[in-house]
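Some notes on the structure that comes next.
Every number here is computed from the coordinates shown, using simple stated rules; none is lab data. Everything numeric in this text was worked out from a predicted model, so none of it was measured. Using ideal geometry, Cβ is built from the backbone for each residue, glycine included, and neighbour counts are taken over all protein chains shown.
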Amino acid sequence: MKYLKLLSISLFMFVFAIACQAGEDNRTVYDENTSDAYSESMDEGDKEDHEGDDDHEGHDHEGDKEDHEGDDDHEGHDHEGDKEDHEGDDDHEGHDHEGDKEDHEGDDDHEGHDHEGDKEDHEGDDDHEGHDHEGDKEDHEGDDHESEIIDALSNIEGIVDPNNLLWPRKVIINDNEISIMERPEKVLTISLGHDEILFGISNTDQIAGTTSFAQDDGSNIQIKSEGLPIVTTDPETIIALSPDLVFADPYASIELIDTLEDIGITVVQTSLDNSSEGRKNDIWLMSYITGNLENALLLNEEIDRKVKILNDLAAENIDNTKNVMTLSWWDAYWTAGSGSTEDAIIQLAGGENVSALNGVESNNTIEKELLISMNPEMILITQSVAWGGQDFYDELISDESLSSIEAIKNNEVYMVNSNWWSTLSYWNIKGSEELSKILWDLDEIQDFGDFE
């Protein structure tokens with residue numbers, strides 16, 4: 001009995017052991033199957049995330065396939081606005097994926113990485129040299145030629161701080177300090193000379209109106225000014241255009257200036273110089289006030305180029321120069337002496353102003369006897385045809401009492417372009433060109449050209 005009991009226990013233990021082994025084998029199979037399924041699931045999901053993942057080389061996010069296909073370290077990847085700023089950087093230069101900002105911020109491999117809002121952070125970087133942000137042009141003029149512009153402004157009377165290319169700007173005009181708080185959006189003038197200078201440095205986006213003379217037939221700026229509102233000395237014609245700033249000559253009435261200033265319009269009343277060098281100073285002053293310094297630099301460079309051509313021609317022909325007189329008729333003979341616009345034009349061309357040599361100052365009248373005694377070798381009629389210039393020419397050469405004058409005797413009396421000879425702007429250099437061609441018997445002066 002005891003033996004049977006032992007045998008039963010042994011049999012029970014054997015069956016239990018077999019059952020346990022079967023359970024272990026079944027668990028192992030289950031674990032292996034589950035593990036393979038899990039591993040396969042991981043591999044399938046990670047294929048896009050990790051395939052070839054060295055420093056994210058070839059890293060592809062949704063929508064990036066075309067941007068990155070075949071890239072090495074994403075070099076050349078271009079996002080909106082980044083091409084000029086970051087082109088050519090190594091290791092993801094300019095690389096920008098949605099949501100990468102937090103993952104990669106500060107990474108070495110993302111040098112030059114540009115996210116929204118980084119524009120200001122990179123201002124001044126080597127890759128941003130010359131980078132222009134919206135509004136910078138008005139805030140700081142002359143970046144490209146700053147030292148050159150400052151040097152020029154340092155010689156201009158009336159500019160308080162030539163080193164200040166920001167706004168506001170201050171000038172002293174007629175002993176009064178004027179502050180221009182920002183670049184004026186609407187500017188006009190009430191003198192033809194100021195009109196011509198303004199059109200040389202600005203355009204119709206800023207110019208609110210012109211004088212009637214600017215739009216006359218034959219005007220130096222007729223085409224440019226065509227269609228703009230015309231102003232007169234009537235303040236209402238000016239006020240109606242709501243200008244921020246008005247240029248006036250010394251002859252403008254005090255009442256007009258007071259009226260404009262009383263309603264808050266800034267008025268700058270300046271005289272205009274007669275010499276070519278003085279004209280350049282006028283250009284610098286007006287461009288400083290209106291915020292057009294780069295244009296002034298270009299215009300003055302063109303003036304210098306033209307002046308050099310005329311000076312070279314005069315030097316080559318110095319032995320062949322002639323005594324020249326300008327003449328017009330307004331109930332008397334009028335001629336231009338020393339200090340006049342015409343005198344500067346004659347000198348630049350290489351002629352000798354016989355009226356200045358005989359003591360005539362500015363524009364003045366002379367008697368017929370003085371005209372005969374001066375005996376000019378060349379006479380220039382500066383009076384326009386519209387104002388009787390042709391009639392005066394005909395009377396002059398047919399007057400027997402003047403037949404002994406060298407200019408009349410030798411057919412050296414010429415009608416010239418009054419718009420070039422009477423203007424108070426840089427356009428009178430064209431008058432010097434005109435006289436130079438007459439003096440040196442030239443059809444054209446090579447490479448001289450017109451002003452734009």
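Site pair THR232 and LEU166 shows an inter-label distance of 4.5 nm when each label is modelled 7 Å from Cα along Cα→Cβ. Each Lys and Arg adds +1 at its Cβ and each Asp and Glu adds -1 at its Cβ; summed about the Cα centre, the range 143-302 shows a dipole of about 120 debye. In order along the range 146-152, phi translates into HN-Hα couplings of 4, 5, 5, 5, 4, 4, 5 Hz, rounded to whole numbers, per the Karplus curve 6.51 cos²θ - 1.76 cosθ + 1.60 with θ = phi - 60° and x for Gly and Pro. With unit charges on the beta carbons (Lys and Arg positive, Asp and Glu negative) and the dipole taken about the Cα centre of the range 317-439, which residue among THR382, SER425, THR321 sits farthest to the positive side? Sorting the options by dipole projection puts first SER425.
Placing unit charges on the Cβ atoms only, positive for Lys and Arg and negative for Asp and Glu, gives the range 166-256 a dipole magnitude near 320 debye about its Cα centre. Less than 5 angstrom separates the built amide H of ILE207 from those of VAL187, all sequence-distant by 5 or more or on a different chain. Counting neighbouring Cβ atoms within 10 Å and putting the fewest first, the residues ASP244, ASP195 line up as ASP244, ASP195. The Cα center of the range 255-283 and the Cα center of the range 384-452 differ in position by 30 Å. Counting only Cβ charges, +1 for Lys and Arg and -1 for Asp and Glu, the dipole size of the range 317-439 around its Cα centre is about 340 debye.
Applying a threshold of 24 Å to the alpha-carbon distances of LYS322/LYS430; LYS308/LYS409; LYS186/LYS430; LYS170/LYS224; LYS322/LYS368; LYS409/LYS430 flags LYS308/LYS409; LYS186/LYS430; LYS170/LYS224; LYS409/LYS430 as lying beyond it. Spin-label pair GLU146-TRP330: with each label point 7 Å from Cα along the Cα-Cβ axis, the two points sit 4.9 nm from one another.
Using the Cβ-Cβ distance between ILE173 and ILE372 with R0 set to 51 Å, the FRET efficiency from 1/(1 + (r/R0)^6) comes to roughly 0.70. Can you find, among LEU297, ASN163, SER225, the residue farthest towards the positive end of the dipole of the range 143-302? Put +1 on the C-beta of Lys and Arg, -1 on that of Asp and Glu. Farthest towards the positive end: SER225.
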